[in-house]
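Report on the following structure.
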Amino acid sequence: MVTIDGPGGAGKGTVAAGLARRLGWHWLDSGSLYRALGWLAAREKLFEAPDETLADLASRINVVPAGPDTHVTADGQDIREWLREEKAGEWASQIAVRPQVRKQLLPLQQACRIPPGLITDGRDMGTVVFPDAVLKVYLTASPKSRAERRLKQLNALGVHGNLTDLTREIAARDERDRTRALSPLSPAPDAWVIDSTHLSAEQVIEQIWEAGRCFF
């Protein structure tokens with residue numbers, strides 16, 4: 001069990017998927033659950049609804065870690081392609097501050113811990129969801145580099161993005177994640193902190209691989 005936490009744009013998903021592929025383990029992209037919930041809330045116009053109403057939407061989400069991928073459906077519809085949209089990340093960040101929502105999604109995430117092993121990334125995987133993980137990583141990078149990476153991802157998808165706007169959005173999302181009452185973004189006390197500002201995803205994967213050889 002390996003957890004990779006950190007702010008948005010640090011490369012958690014790329015690293016987690018790559019490590020899962022190398023190990024032949026499963027990958028849980030926990031952020032996809034919050035994005036899916038945000039998608040449902042936006043579609044149902046429920047962003048101003050009470051926590052309990054939003055939390056009830058979780059029953060309409062299904063997640064299956066399948067090798068180096070995470071299959072997510074909402075109301076039986078495969079929405080993985082849509083979840084890559086920048087707006088989905090913003091909605092997820094707004095949803096994630098709701099305590100009841102986080103509690104409702106907890107067992108859904110923990111149920112993904114299946115053989116032969118799980119690599120999971122998110123904001124509180126090592127601190128709340130899987131505190132007994134054998135290896136915990138906190139992956140970070142400068143806001144500017146994270147915005148530049150996100151811009152490249154959007155361009156690759158044929159989506160127009162603005163670096164200034166992305167940097168501002170990332171800073172706002174960081175602030176929400178750090179200051180929320182439940183499960184604020186922070187490294188676990190026993191997490192290994194890696195700054196990926198000047199590292200490629202493959203270099204980060206190699207560092208984790210070497211550090212975790214005794215566990216894998």
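The values are calculated or read from the model by the stated rules, or taken from the named source; none is laboratory data. Because the structure is predicted, anything quoted here is derived from the model rather than measured. Don't worry about glycine lacking a Cβ; one is built from the backbone with ideal geometry, like all the others, and counts go over all protein chains shown.
If the condition is being over 16 Å from the mean Cα position of the chain (by Cα) and in contact (Cβ under 8 Å) with a residue 60 or more places away in the chain, then segment 148-165 contributes L154, L157, V159, G161. In segment 203-216, the residue that is modelled with the lowest pLDDT out of those that are surrounded by 14 or more Cβ atoms within 10 Å (Cβ to Cβ) and assigned to a loop (DSSP other than H, G, I, E, B) is F216. Scoring G24 on the criteria (1) at pLDDT below 90; (2) surrounded by fewer than 22 Cβ atoms within 10 Å (Cβ to Cβ); (3) within 30 Å of V193 (Cα to Cα) leaves a single failure, condition (1).
All of (1) modelled with pLDDT of 95 or more; (2) within 21 Å of A188 (Cβ to Cβ) hold for G13 with one exception: (1).
Any chance segment 104-111 includes a residue that's touching a helix residue (DSSP H, G or I) at 6+ places or on another chain (Cβ under 6 Å) and of a type in the set (G, A, S)? No, because not a single residue in segment 104-111 is touching a helix residue (DSSP H, G or I) at 6+ places or on another chain (Cβ under 6 Å) and of a type in the set (G, A, S).
Residues that are among the hydrophobic types (A, V, I, L, M, F, W, C) and under 16 Å from A17 (Cβ atoms): does segment 156-165 have at least one? Yes, segment 156-165 contains at least one residue that is among the hydrophobic types (A, V, I, L, M, F, W, C) and under 16 Å from A17 (Cβ atoms). Residue pairs whose Cβ atoms lie under 7 Å apart, separated by 6 or more positions or on different chains, with the first residue in segment 75-91 and of a type in the set (V, I, T) and the second modelled with pLDDT of 80 or more, are I79/A36; I79/W39; I79/V72; I79/T73.
Here S183, S196, S200 are screened, and the one residue that is under 21 Å from T3 (Cα atoms), surrounded by 17 or more Cβ atoms within 10 Å (Cβ to Cβ), modelled with pLDDT of 90 or more and of a type outside the set (D, E) is S196. The residue that is modelled with the lowest pLDDT, among those in segment 95-128 that are touching a Gly at 6+ places or on another chain (Cβ under 7 Å) and surrounded by 22 or more Cβ atoms within 10 Å (Cβ to Cβ), is I95. Scanning segment 33-76 for residues that are loosely packed, with under 14 Cβ neighbours inside 10 Å, in a loop (DSSP other than H, G, I, E, B) and not aromatic (F, W, Y) yields a total of 7. Evaluation of R60 against the conditions (1) of a type in the set (D, E, K, R); (2) in contact (Cβ under 8 Å) with a residue 60 or more places away in the chain; (3) farther than 19 Å from T14 by Cα shows that the sole unmet condition is (2). Within segment 9-27, being assigned to a loop (DSSP other than H, G, I, E, B) and either within 14 Å of L139 (Cα to Cα) or touching an Asp or Glu at 6+ places or on another chain (Cβ under 8 Å) (or both) holds for G9, A10, G11. For segment 182-199, filtered to residues that are under 17 Å from the mean Cα position of the chain (by Cα) and aliphatic (A, V, I, L, M), the residue that is farthest from P99 (Cα to Cα) is I194.
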